[in-house]
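Structure, as structure tokens:
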Amino acid sequence: MDKVIIFDTTLRDGEQAAGGSLNIQEKLEIARQLERLGVDIIEAGFPVTSPGDFEAVRLIAKEVRSPVICVLTHAVIEAIDQSWQAVKKAERPRIHIVLSSSDIHLFYQLKKSRQEILEMSCDAVARAKKYCADVEFSPMDASRTEPEYIHQILKAVIEAGATTVNIPDTVGYATPDEFGGLIEGIFKNVPNIKRAVVSVHCHNDLGLAVANSLEALKRGARQVEGTINGIGERAGNASLEEIIMAIKTRQNFFNLTTSIDTTQIYRTSRLVSELTGFAIQPNKAIVGANAFRHSSGLHIDGVIKMPGTFEIMDPKSVGIPSSSLVLGKTSGRHAFQERLAELGYSLSHENFDQAFSAFKELADKKKEITDKDIESIIAQELRTVSEVYHLDRIQVTCGDRGIPTAAVRLTAPDGRVLTDAALGTGPVDAVYQAINRLVAVPNKLTEFTVKSVTEGIDAIGEVLIRIESGGITYTGRGADTDIIVASAKAYMNALNRLLAAKKATG
Ligand code: KIV
Ligand code: ZN
């Protein structure tokens, strides 16, 4: 059985999704989880696009040692040099060069001839090769490029030293048979193709990214690129968890294997969703809330008698926690620690203490603490940005008679206690207005969502917001049994991210 190389680009193409922005610590946390998942390659970022990306790649390269750490770069000498600086400390670095190949990109965007592009591609690979043995080359928009030209480019870049050639369906235009044909044609027509790994990278504009990727694997590609939960530009990238589970579940059909520890899929998916703020649709294959839920009586009856009647995968194989154990007020440190371990968390002493006191505080307000509550606690307590302003307390009056009013008390970076009050169209607006009077950073609220973590009237409410300032989006999250408090926490979280980013860039 051949092994498929799993190339994860959640931190690069995934993060390019509109509204997606992760800070450096969050990127590192996702990279560590991807390492636990067992991906072969992590594309950690596009360092020339921002100092934040450069720093994130540098940190991941230093800290995450098992997978290959890859950087994306334009086919420009200075960009390649700079990208190398970000990734050079990796145990196994890779430089990934991208350059458009389709006529529509060459004519309208790059204003270059095919010959010029061919030369730029080879020069770029040769430059990267000076630094790094492992070089990947992607002719962007390959699926809309004349195949003969793709063959010519691939032959030349392999000659120049590319060890992986990646075929992107950049705009998600291809159909499975067509895309499979392109891959087959490459094996037939590129004489030195055996010297490189053939990779594929599919986008989901027509909902065909996973189907196209699997078809390419059937026709000989041995590296597949995608993201967790399928996040990415526009309609997203191929969803890695779907590809991995298709290969595993239909091994009799594909005759392929991967190095993935599939029991880490659920956790990875939850982490990516929590940190990016992109919710997972309930019917999403593999990781959606309904993916293993049966509602028809006939199906439930079948599954009770023999799971295989209506379940083609064991939920445990993707790491969905099997226990429905519920903790409460009387649960001690030991029970909490055991539950955390079962959920796959291993916390430092200090983080554990912090999480345990948040758990106790919640248990005072809520009778039953479920796994989802615990995940929310961990997200809140351990993933807060270092605070610039700290929210001390809020007091709100609202109802259908009076004007919603909020009083807020914050602690400023220099330790001063700041208090103010404001009116609003509703209680959340009043709180935000009061905070704005104290923090005074211009921004625009672009998204506000509230959801309950579990069922029941005493459930934790989780608020996710996005604010925009200077063309950059900042995400904020807050959770509390009181949704006004959760909203205030989410806003402070987003503002603190904005202020931290402003400070970092001077
Ligand atoms: O979609 C695309 O073409 C890309 C390349 C960088 C591989 O993301
Ligand atoms: Zn892409």
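The values are calculated or read from the model by the stated rules, or taken from the named source; none is laboratory data. What you see is a predicted model, and the numbers here were worked out from it, not measured in a lab. Cβ: placed from backbone, ideal geometry, glycine included. Neighbour counts: every protein chain shown. With ligands, DNA and RNA removed, areas are computed over all heavy atoms of the protein, side chains included. Shrake-Rupley method; radii C 1.70, N 1.55, O 1.52, S 1.80 Å.
Some observations on this one:
- Residue match in the stretch 357-379 (condition: over 30 Å from R32 (Cβ atoms) and not in a loop (DSSP other than H, G, I, E, B)): yes
- Look at (1) within 15 Å of ligand 1 (Cβ to nearest atom); (2) open to solvent by 10 Å² or more (accessible area, probe 1.4 Å); (3) aromatic (F, W, Y) and you find that F7 fails only one, number (2).
- Residue match in the stretch 201-214 (condition: open to solvent by less than 20 Å² (accessible area, probe 1.4 Å), closer than 28 Å to M1 by Cα and polar (S, T, N, Q)): yes
- Every condition in (1) in contact with a strand residue (DSSP E or B) (Cβ under 6 Å, 6 or more places away or on another chain); (2) surrounded by fewer than 17 Cβ atoms within 10 Å (Cβ to Cβ) holds for N255 except the one numbered (1).
- Verdict on F179 being touching a helix residue (DSSP H, G or I) at 6+ places or on another chain (Cβ under 6 Å), assigned to a strand (DSSP E or B) and buried (at least 16 other Cβ atoms within 10 Å of the Cβ): no
- Tally of residues being open to solvent by 70 Å² or more (accessible area, probe 1.4 Å) and either away from ligand 2 (no atom under 16 Å from the Cβ) or in a helix (DSSP H, G or I) (or both) across the stretch 64-105: 11
- Restricted to the stretch 132-158, and to residues there that are open to solvent by 10 Å² or more (accessible area, probe 1.4 Å), touching a Leu at 6+ places or on another chain (Cβ under 8 Å) and aliphatic (A, V, I, L, M), the residue that is nearest to ligand 2 (Cβ to nearest atom) is M140.
- Qualifying residue in the stretch 227-234 (condition: crowded, with 23+ Cβ neighbours inside 10 Å and under 25 Å from K155 (Cα atoms)): no
- One residue from D414, D371 being out of contact with any strand residue (DSSP E or B) (no Cβ under 7 Å at 6 or more places or on another chain) and under 18 Å from T481 (Cβ atoms): D371
- D400 being out of contact with any helix residue (DSSP H, G or I) (no Cβ under 6 Å at 6 or more places or on another chain) and either touching a residue at least 40 places away in the same chain (Cβ under 8 Å) or not assigned by TED's automatic domain parsing to the domain that holds L418 (or both): no
- Those residues of the stretch 184-201 which are more than 19 Å from H96 (Cβ to Cβ) and within 16 Å of ligand 1 (Cβ to nearest atom), in sequence order: none
- When each of H96, H74 is tested for being within 11 Å of ligand 1 (Cβ to nearest atom), within 14 Å of N166 (Cβ to Cβ) and in the same structural domain as E15 (by TED's automatic domain parsing), the lone residue that passes is H96.
- Reported count of residues in the stretch 428-470, each being part of a strand (DSSP E or B), open to solvent by 60 Å² or more (accessible area, probe 1.4 Å) and modelled with pLDDT of 90 or more, is 8.
- Per-region count, the stretch 471-506, residues open to solvent by less than 10 Å² (accessible area, probe 1.4 Å) and either of a type in the set (F, W, Y) or assigned to a helix (DSSP H, G or I) (or both): 10
- Filtering the stretch 397-427 to residues that are open to solvent by 20 Å² or more (accessible area, probe 1.4 Å) and assigned to a strand (DSSP E or B) leaves T397, T405, A407, R409, T411, V417, L418, T419, D420, A421, L423.
- Residue tally, condition outside any loop (DSSP other than H, G, I, E, B), over 16 Å from A221 (Cα atoms) and within 16 Å of ligand 1 (Cβ to nearest atom), over the stretch 233-261: 2
- Top-ranked residue of the stretch 158-173 - restricted to ones that are near ligand 1 (Cβ under 8 Å from one of its atoms) and in a strand (DSSP E or B), ranked as nearest to E43 (Cα to Cα): N166
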